[in-house]
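Take a look at the structure below.
The values are calculated or read from the model by the stated rules, or taken from the named source; none is laboratory data. Fair warning: this is a prediction, and the values are worked out from it, not measured in the lab. Cβ: placed from backbone, ideal geometry, glycine included. Neighbour counts: every protein chain shown. To get the accessible areas, we keep the full protein, side chains included, count just its heavy atoms, and leave off ligands, DNA and RNA. Shrake-Rupley method; radii C 1.70, N 1.55, O 1.52, S 1.80 Å.
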Amino acid sequence: MTAVAAAAGAALTPAFAMGRSTQDPVVDSLPQDGKAIRKEKVPWRVLPFPMKQVRLGEGPCKDAMEADRRYLNSLPPERLLHTFRITAGIPSSAQPLGGWEAPDCELRGHYAGGHYLSACALMYASSGDDDLKKNANHVVAGLGQCQAALKSGYLSAFPAEFFDRLRERQKVWAPFYTIHKIMAGLLDTYVYCGNEQALDLAEKMAGWADRYTESLSYEHMQRVLGTEFGGMGEVFCNLYAVTGKRDYLEIAPRFDKKQFFDPLADHRDELKGLHVNTHIPQVIAAARCYELTGERRYRDIAEYFWDEVVSERSYCTGGTSNNESWNTDPGKLATELGPTTTECCCAYNLMKLTRHLFGWSGDARFMDYYERALFNHRLGTINPEDGAMMYYLPLASGYYKTFGTAFDSFWCCTGTGSEEYAKLGDSIYFHGDDSLYVNLYIDSQLDWPEKGLSVKQQTGFPQEQGTTLEIAGKGPVQLGIHLRVPYWVQGGGVKINGMALPAFASPGSYLTLNRVWKPGDKIELSLPMGLHMESMPDDESMQAAMFGPLVLAGRFDEVPKAASYGEMGPKKERQRMVPDIVADSGNSTGWMEADVKDPLAFHGVGQAEAVTMVPLYKLIHERYAVYWKVGRKMS
Ligand SMILES: [Zn+2]
């Protein structure tokens with residue numbers, strides 16, 4: 001294994017020398033004789049497009065992406081490298097960063113040398129921002145000097161002594177978690193920016209991690225896995241996928257936590273008491289192991305976990321966790337509301353897992369969930385004005401959103417958020433050999449050069465209840481276009497070149513339009529939204545209002561900016577009690593009436609206190625209520 005790692009740099013040059021980018025977010029590996037070799041035993045049934053082929057148009061997703069892009073551009077590479085250099089004994093006079101990147105924080109380096117690189121690489125792929133690519137390359141070069149000075153392949157902003165503490169089971173935060181972020185950041189810089197040095201550094205880190213884990217007995221390693229370790233299994237799988245070096249695939253299962261995987265493989269929910277964001281990345285690793293080994297047990301783990309968490313342990317927003325954990329038996333959520341519900345990282349990781357399950361199946365329910373989490377938990381947890389990102393999204397009524405600061409937060413969720421908003425275009429379109437899947441209704445343009453085709457999606461969704469797709473390109477092409485008909489749609493229809501089709505598909509499936517498409521062809525899809533209530537699984541009277549895919553929130557008083565920045569969540573005592581709602585027993589949404597101007601705003605009727613409901617994602621600096629206690633009134 002060690003020898004393999006050392007030989008890495010030279011062997012990989014051809015990938016980019018041949019002018020072919022290994023940009024695919026999932027599956028590309030080293031081309032041999034000019035042909036990409038897929039290492040997957042189980043390829044995805046439907047595949048995403050490389051992000052550079054999709055560009056976002058105007059709308060809330062583009063706003064979030066641009067806010068993230070400005071934030072990433074504001075981070076000075078020299079400051080990011082500071083603690084890495086200090087740890088490697090290289091002088092640095094840069095001003096240290098604060099928060100979880102502060103020189104005395106045990107997680108330092110997770111953002112600066114990890115999430116930052118992933119986010120820059122993804123943003124480069126999605127937007128072509130050359131400055132970010134340059135900055136990422138600068139950080140990689142700096143990290144290379146640090147790794148060379150540390151000599152063993154080890155690379156981190158904290159000393160290797162943390163791993164002695166981990167081995168001895170002494171108190172230490174999460175060393176492998178941080179190593180995973182750095183390895184993933186380097187790998188992303190290789191995959192999306194073509195930085196060969198980044199892959200070389202990642203492989204040297206892998207060599208170090210191999211030696212560390214190899215020296216431990218199975219039982220000892222299982223004890224080490226009691227400390228949060230991110231997606232170490234996933235990054236080893238991905239190293240195998242891009243290099244074809246089998247050793248990496250054999251190291252990945254060292255990070256299989258038996259105590260967590262065994263019940264999942266047996267379809268038992270023993271998630272109560274677990275820290276959520278420690279565990280979702282392990283399931284992503286299982287999904288990746290399934291794809292690369294074909295071992296069915298890994299798929300069982302991933303599928304059962306997803307079903308259980310999404311159906312029994314998630315709120316109306318698609319978010320999961322309370323106080324970062326699953327504290328209850330399945331289906332018990334009514335008591336799980338507070339100022340620190342639904343950590344943003346959990347939504348990020350659950351969406352990432354969802355994408356794998358969708359890739360295997362092409363099943364619309366996965367994209368229904370993806371849309372739910374995207375429009376209710378990911379939009380609205382970045383402030384589009386300044387790029388500040390949230391940690392918890394509070395779902396107990398009467399709280400408000402809090403955001404990190406630019407240089408003194410660097411929470412885990414700042415990291416996953418920085419990545420999320422850099423890849424909002426990566427799941428809108430998927431494809432098969434002769435099929436195109438339109439999963440999400442987001443204004444965007446897709447280029448598909450292999451088919452000589454481009455698709456322009458014009459929509460004001462979710463403000464607009466539908467979308468228009470226009471085909472452009474060289475000539476006629478036979479293609480099945482699959483349009484997702486979401487679970488929430490109330491009616492709906494489709495027109496091709498102005499002619500209404502007599503058929504439609506049922507909610508929660510894909511409508512397939514199979515024909516020869518010509519440049520200029522136009523598809524108009526109408527997706528009428530309606531009001532509906534979503535109850536807590538264990539309390540019918542605890543309800544959230546939704547309009548189409550959107551969670552509506554009651555909007556209350558404005559929160560001063562001073563209270564909105566710097567804290568991971570609002571203080572418990574700052575809750576303001578909100579009134580209960582009274583609803584007609586025969587008409588659960590009759591207590592709301594549409595605003596005359598704003599298609600996404602509603603007003604309470606016949607309630608004790610006036611209340612206006614707007615999409616949760618649109619609220620930034622106002623107190624809100626998502627779940628209401630709803631009393632019945634007989635009509
Ligand atoms: Zn987090």
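Separation of the stretch 56-125 and the stretch 519-594, taken as the distance between their Cα centroids, equals 33 angstrom. Between Glu470 and Gln259, the modelled label-to-label distance comes to 5.9 nm, taking each label 7 Å out from Cα in the direction of the beta carbon.
The length gained on full extension between His220 and Gln197, counted as 0.36 nm times the residue separation minus their Cα-Cα distance, comes to 5.0 nm. Probing with 1.4 Å while keeping every protein chain in the model, the per residue accessible area of the chain equals 35 Å². Couplings for the stretch 322-327, taken from phi via the Karplus curve 6.51 cos²θ - 1.76 cosθ + 1.60 with θ = phi - 60°, read 9, 6, 6, 10, 9, 9 Hz in order; Gly and Pro are left as x. Each listed q (0.21 Å⁻¹) maps to a log10 I(q)/I(0) for the stretch 596-635 from the Debye sum over equal C-alpha point scatterers, namely -0.84.
Note that the stretch 270-367 shows a convex hull volume over its alpha carbon atoms of 87 Å³ per residue. Computed from label points 7 Å out along Cα-Cβ, the spacing between Asp557 and Asp386 is 2.2 nm.
In percent, rounded to a whole number, the relative contact order of the stretch 500-602 is 15, using alpha-carbon pairs under 8 Å and six or more apart.
Amide H contacts under 5 Å for Ser325: Val276, restricted to partners 5 or more places along the chain or on a different chain, H placed in the peptide plane at 1.01 Å from N. Considering only Cα-Cα distances, which of the following residue pairs are longer than 23 Å: Lys423/Lys522; Lys62/Lys571; Lys352/Lys423; Lys41/Lys352; Lys181/Lys561; Lys258/Lys332? Exceeds cut-off: Lys423/Lys522; Lys62/Lys571; Lys181/Lys561; Lys258/Lys332.
A straight line joining the Cα centroids of the stretch 237-276 and the stretch 399-431 runs 25 Å. For the chain, the 222 nm mean residue ellipticity estimated from helices alone, with every DSSP H stretch of n ≥ 4 adding -39500 (n - 2.57) and the total spread over all residues, rounds to -11000 deg cm²/dmol. When the accessible area of the stretch 33-156 is computed with all protein chains present and a 1.4 Å probe, what percentage of it is carbon and sulfur? The value for the stretch 33-156 is 51 percent carbon and sulfur by accessible area. For Trp628, the residues 5 or more places off, or on other chains, whose built amide H falls under 5 Å of its own are Gln543, Ala544.
Antiparallel beta bridges, as assigned by DSSP with both residues in the chain, represent about 90 percent of the total such bridges. For the chain, the convex hull drawn through the C-alpha positions has a volume of 150 cubic angstrom per residue.
Remark: relative contact order (the stretch 179-286) = 28 percent; criterion is Cα-Cα distance under 8 angstrom and separation of 6 or more residues. For Lys572, the aspartates and glutamates whose Cα comes closer than 19 Å to its Cα, not counting residues fewer than 8 places off in the same chain, are Glu324, Glu336, Glu343, Asp557, Glu558, Glu622.
Mean separation of Cα pairs under 8 Å and 6 or more residues apart, divided by the residue count, gives the chain a relative contact order of 14 percent. Once backbone amide H atoms are built at 1.01 Å from N, Phe403 has Tyr565, Gly566, Glu567 as its partners under 5 Å, excluding neighbours fewer than 5 places away on the same chain.
Membrane-span-like helices in the chain (whole DSSP H runs, Cα extent of at least 20 Å along the helix axis, mean Kyte-Doolittle hydropathy of at least -1.0): 130-150, 175-193, 196-214, 276-293, 344-361.
The distance between label points at Asp433 and Ala608 comes to 6.4 nm (points 7 Å beyond Cα on the Cα→Cβ vector). Taking 4.7 Å between beta carbons as the limit, the unpaired Cys residues of the chain are Cys61, Cys105, Cys120, Cys146, Cys193, Cys237, Cys289, Cys316, Cys345, Cys346, Cys412. Taking θ as phi - 60° and the Karplus parameters 6.51, -1.76 and 1.60, the scalar couplings of the stretch 519-531 work out to x, x, 4, 9, 10, 10, 10, 10, 10, x, 9, x, 6 Hz in sequence order, x denoting glycine and proline. Here the 3J(HN,Hα) profile of the stretch 466-472, calculated from phi with Karplus coefficients 6.51, -1.76 and 1.60 at θ = phi - 60°, is x, 7, 10, 10, 10, 8, 9 Hz, Gly and Pro shown as x.
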